[in-house]
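The values are calculated or read from the model by the stated rules, or taken from the named source; none is laboratory data. Quick caveat: nothing in here was measured; it's all calculated off a predicted structure. As a convention, Cβ positions derive from the backbone with ideal geometry for all residues, glycine included, and neighbour counts pool all protein chains shown. Ligands, DNA and RNA are stripped out before the accessible areas are found, and what is left, the full protein with its side chains, is counted by its heavy atoms. Shrake-Rupley method; radii C 1.70, N 1.55, O 1.52, S 1.80 Å.
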Amino acid sequence: MIVPSVRGMKDILPPESERWSALESSFLAKAAAYGFLEIRTPVLERTELFARAVGESTDIVEKEMYSFTDRSGESLTMRPEGTAPVVRALLAHRAELGEWPVRLCYTGPMFRHERPQKGRLRQFHQLGAEMFGTDSPYADVEVLAFLSGFLAEAGLDRVSLEINSLGDAACRPQYHQALSDFLASREGLLCEDCRRRRTRNPLRVLDCKSEHCMEATRDAPSILDSLCEPCRLHFEFVERGLAAAGIPFARNPRMVRGLDYYRRTTFEFVIPGMGAQNTVAAGGRYDGLAEMLGGKERVPAIGFAIGVERLMLLLGEGEGGGRAVEAFFVASSPRFLDEAFRRKMELAGKGVRADMDYEGRSVKAQFRRADRSGAKVVVVFGEAEDARGAVVVRDMASGSQEEVSRDEAMRRLIGLKKEE
RNA sequence: GUGAGUGUAGCUCAGUUGGCAGAGCACCAGACUGUGGCUCUGGCUGUCGUGGGUUCAAUCCCCAUCACUCACCCCA
């Protein structure tokens, strides 16, 4: 009985793994072009970090964290998201990271104990970026331009960007109160879930998919109408910036985020008609988080995360990597295996991939394998040529072949690689 | 956490109203005793997810369990 893998955790096999690597490198390259350099933080953090950053009463902290007590009695948690660890690292290494703004990005696995579903796993992966140390809405526009540019370059079309503002400490409480009062007046019309949400997290009611609730909240007060002057100006600046950058977007005053730390700008890239998990990337501004985590100074910040699995889903199978085999060596007799093997190793050392059959199969079978391997040429080590120190080089596409010296054959194969 | 569906050869699936299981593809060998892709011929492979129960007998019925899928919830 083989040991099964853990629920919701998947092996990523070639050639899919090749596409993952390619996606990650293109992300890091794009990030570098915008000034974001990679940070690698531990997968494990103290549970307290997420409890404080993400919010005690969020679903993530309440029931989705992989937490355990380690041998020293400390409660540790496998990170459910990437922002809190990066902020923690920023505060710990403030002096080493240079002047504001500090731009960091990351890639890696995150863990949440949810019921697995299409586009949702227990170990999933994110590409993320965070920009620290400026309140300027230019930062919001920059981060969105980076994200939107990356998604487009990755080959994603049909995405739409939705933006919203959650206000700040000055205006959000008033809005909460206003919304709460409104919902109280409509209590009877709400679904069971929403009645519960009404007191705990009123914003969620606006996001309910139930038709009754959507109807009942049609004329609910909008957060965007309740913003204080600074928040309103900030939001409008971001909108103008996006327009100037040629990035299409839509306001969505009902957009809700699952983490408590967001302030002001929030955004999501969604794919219409992709099923339940239609958010491929999301983020927002979190100006208060550094202080919540014990930072002495205020560090305004904005960032995003992209769901790699969801992005891969959208990009489809694609061509998929896999390294092409340049040449396949056929040994017409087992006594040529040594020679063929030595040549194969020699080519590998030069970065050329050759393959051969080690099992002593018939020439016919070796050719069949050569064909399937996709090799451009087959090199035959045979009796007749051996006396002359030569081999037969066959072009698999055309079927033409000729006899050349072994050294010449090697030179050609190395040349073949260089032509690409 | 809730609900529904699925789980049979490497892959995609069929199947028996309960009697120790099949197809296609793939794979292997052969159809010229050094040469592939097409065609033809032959061949190999399964604890019928796992553990119990009912039965003379279960892959097919019952219970449990695990995994996967989809939806809800929530989120990347």
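Before moving on, here are some points about what is shown:
- Pairs are defined by a Cβ separation below 7 Å, a sequence spacing of at least 6 or placement on different chains, a first member in region A:229-240 that is at negative phi, and a second member that is acidic (Asp, Glu); the pairs so defined are A:CYS231/A:ASP168; A:VAL238/A:ASP140.
- Enumeration of residues in region A:155-179 that are over 20 Å from A:ASP260 (Cβ atoms), open to solvent by 30 Å² or more (accessible area, probe 1.4 Å) and not in a strand (DSSP E or B): A:GLY155, A:ASP157, A:ARG158, A:VAL159
- Residues considered: A:ALA305, A:ALA244. Of these, the only one that is near RNA strand B (Cβ under 10 Å from one of its atoms), at pLDDT 95 or above and among the small types (Gly, Ala, Ser) is A:ALA305.
- Of all residues in region A:180-203, those satisfying the criterion of being surrounded by 17 or more Cβ atoms within 10 Å (Cβ to Cβ) and within 16 Å of RNA strand B (Cβ to nearest atom) are A:LEU183, A:LEU190, A:CYS194, A:ARG197, A:ARG198, A:ASN201, A:PRO202, A:LEU203.
- Strands (runs of 3 or more DSSP E) contained entirely in region A:7-96, each with at least 2 residues that are surrounded by fewer than 17 Cβ atoms within 10 Å (Cβ to Cβ): A:44-46, A:66-69
- Search result, residues across region A:293-302 that are at pLDDT below 95 and open to solvent by less than 70 Å² (accessible area, probe 1.4 Å): A:LEU293, A:GLY294, A:GLY295
- For A:LEU144, the conditions (1) assigned to a helix (DSSP H, G or I); (2) out of contact with any strand residue (DSSP E or B) (no Cβ under 8 Å at 6 or more places or on another chain) are fulfilled apart from (2).
- Residue check, A:ALA375 within 13 Å of RNA strand B (Cβ to nearest atom) and more than 19 Å from A:ALA409 (Cα to Cα): no
- Residue count for region A:323-337, restricted to those that are more than 13 Å from RNA strand B (Cβ to nearest atom), surrounded by 13 or more Cβ atoms within 10 Å (Cβ to Cβ) and not in a helix (DSSP H, G or I): 1
- Any pair with Cβ under 8 angstrom, 6 or more apart, that starts in region A:47-61 at a residue that is among the acidic types (Asp, Glu) and ends at one that is more than 12 Å from RNA strand B (Cβ to nearest atom) and open to solvent by less than 70 Å² (accessible area, probe 1.4 Å): A:GLU48/A:SER75
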